[in-house]
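The values are calculated or read from the model by the stated rules, or taken from the named source; none is laboratory data. None of these values were measured; they are calculated from a predicted model. Methodologically, a virtual Cβ is constructed for each residue, glycine included, from the backbone with ideal geometry; neighbour enumeration extends over all protein chains shown.
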Amino acid sequence: MAESPASPLPFFRIILRRLMLQAVIPLVAVLLAGMCASASGKKGGEEFPVPPPPFTSGIFPCSSCHEGMEVNTQKRDLGEHTHITLRHAPEALPWCFGCHDAKNRDKLHLVNGDLIDFTESYRLCGQCHGTNYRDWKAGIHGKRIGYFAGGRRTYFLCVNCHNPHDPKFKPLKPEPPPFRPLDKQNGP
């Protein structure tokens, strides 16, 4: 039986599809992540093995240069860090010390003042980017390698994909379409 153009059925299909994408799929992923975490014996599933942050060579530990340096909270051009331009929520994070700790430069700080290592930077990012943090923990957002349950896995940090000072992805040039042997037009 054909649907009439005025039928509400296509509209309901669109709504159902959106509900699936926005609610059901993330819920299933979170439930699966919880099952995997409990199967691996981790308390609350809150252990996230991560690789070291991708620091530029020679800049960490920060205290090697900043030790004993007076803290200057004024926004200014940085003489040494010329490759850093802060374009990350300039209204909320107007300066370096929105994330970096002023007293212990080898640490980051959370909104509540707790100090964390750079290997836990996902907790800092998660304070503002809660839905991405939830999805990252569940394995939906970001990159994770290894096993879902019963084996070793590695979660990549936010900074492995996003520049923490300018996190918006830059436009990418698309790759050419794949070559198919039967497609002479697309050949090398």
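State whether the residues of the stretch 132-142 include one that is touching a residue at least 12 places away in the same chain (Cβ under 8 Å), among the small types (Gly, Ala, Ser), surrounded by 15 or more Cβ atoms within 10 Å (Cβ to Cβ) and part of a loop (DSSP other than H, G, I, E, B).
yes
Which condition number does residue 169 fail, the rest of (1) buried (at least 16 other Cβ atoms within 10 Å of the Cβ); (2) over 10 Å from the mean Cα position of the chain (by Cα) being met?
(1)
Residue 108 fails exactly one of the following numbered conditions: (1) touching a Ser or Thr at 6+ places or on another chain (Cβ under 9 Å); (2) exposed (fewer than 15 other Cβ atoms within 10 Å of the Cβ); (3) at pLDDT 85 or above. What is the number of that condition?
Going through (1) touching a Ser or Thr at 6+ places or on another chain (Cβ under 9 Å); (2) exposed (fewer than 15 other Cβ atoms within 10 Å of the Cβ); (3) at pLDDT 85 or above one by one, residue 108 breaks only (2).
Looking at (1) crowded, with 18+ Cβ neighbours inside 10 Å; (2) in contact with a Leu (Cβ under 8 Å, 6 or more places away or on another chain), which one does residue 123 not meet, given that it meets all the others?
Unmet for residue 123, out of (1) crowded, with 18+ Cβ neighbours inside 10 Å; (2) in contact with a Leu (Cβ under 8 Å, 6 or more places away or on another chain): (1).
Starting from residues that are among the polar types (S, T, N, Q) and more than 17 Å from residue 102 (Cβ to Cβ), keep the ones in the stretch 60-86 and report whichever is surrounded by the most Cβ atoms within 10 Å (Cβ to Cβ).
85
Read through the list (1) under 17 Å from residue 124 (Cβ atoms); (2) part of a helix (DSSP H, G or I); (3) of a type outside the set (D, E, K, R), then give the number of the only condition that residue 65 fails.
It fails just one condition, (1).
Exactly one condition in (1) among the hydrophobic types (A, V, I, L, M, F, W, C); (2) surrounded by fewer than 16 Cβ atoms within 10 Å (Cβ to Cβ); (3) in contact with a Ser or Thr (Cβ under 7 Å, 6 or more places away or on another chain); (4) closer than 16 Å to residue 159 by Cα is not met by residue 95; state its number.
If we test residue 95 against (1) among the hydrophobic types (A, V, I, L, M, F, W, C); (2) surrounded by fewer than 16 Cβ atoms within 10 Å (Cβ to Cβ); (3) in contact with a Ser or Thr (Cβ under 7 Å, 6 or more places away or on another chain); (4) closer than 16 Å to residue 159 by Cα, just (4) comes out false.
Test of understanding: among 149, 89, which residue is surrounded by 10 or more Cβ atoms within 10 Å (Cβ to Cβ), on the phi < 0 side of the Ramachandran plot and out of contact with any Asp or Glu (no Cβ under 9 Å at 6 or more places or on another chain)?
Result of the check over 149, 89: 149.
Looking for something in contact with a helix residue (DSSP H, G or I) (Cβ under 9 Å, 6 or more places away or on another chain), at pLDDT 75 or above, closer than 30 Å to residue 147 by Cα and surrounded by 10 or more Cβ atoms within 10 Å (Cβ to Cβ) - is there at least one such residue anywhere in the stretch 16-38?
No, the stretch 16-38 contains no residue that is in contact with a helix residue (DSSP H, G or I) (Cβ under 9 Å, 6 or more places away or on another chain), at pLDDT 75 or above, closer than 30 Å to residue 147 by Cα and surrounded by 10 or more Cβ atoms within 10 Å (Cβ to Cβ).
Just the residues that are modelled with pLDDT under 85 and touching a Pro at 6+ places or on another chain (Cβ under 7 Å), please, taken from the stretch 154-182.
Answer for the stretch 154-182, where residues must be modelled with pLDDT under 85 and touching a Pro at 6+ places or on another chain (Cβ under 7 Å): just 179.
Name the residue, out of 172, 157, that is within 25 Å of residue 54 (Cβ to Cβ) and touching a residue at least 24 places away in the same chain (Cβ under 8 Å).
Being within 25 Å of residue 54 (Cβ to Cβ) and touching a residue at least 24 places away in the same chain (Cβ under 8 Å) holds for just one of 172, 157, which is 157.
Which of the residues spanning the stretch 131-153 are modelled with pLDDT of 85 or more and among the hydroxyl-bearing types (Ser, Thr, Tyr)?
131, 133
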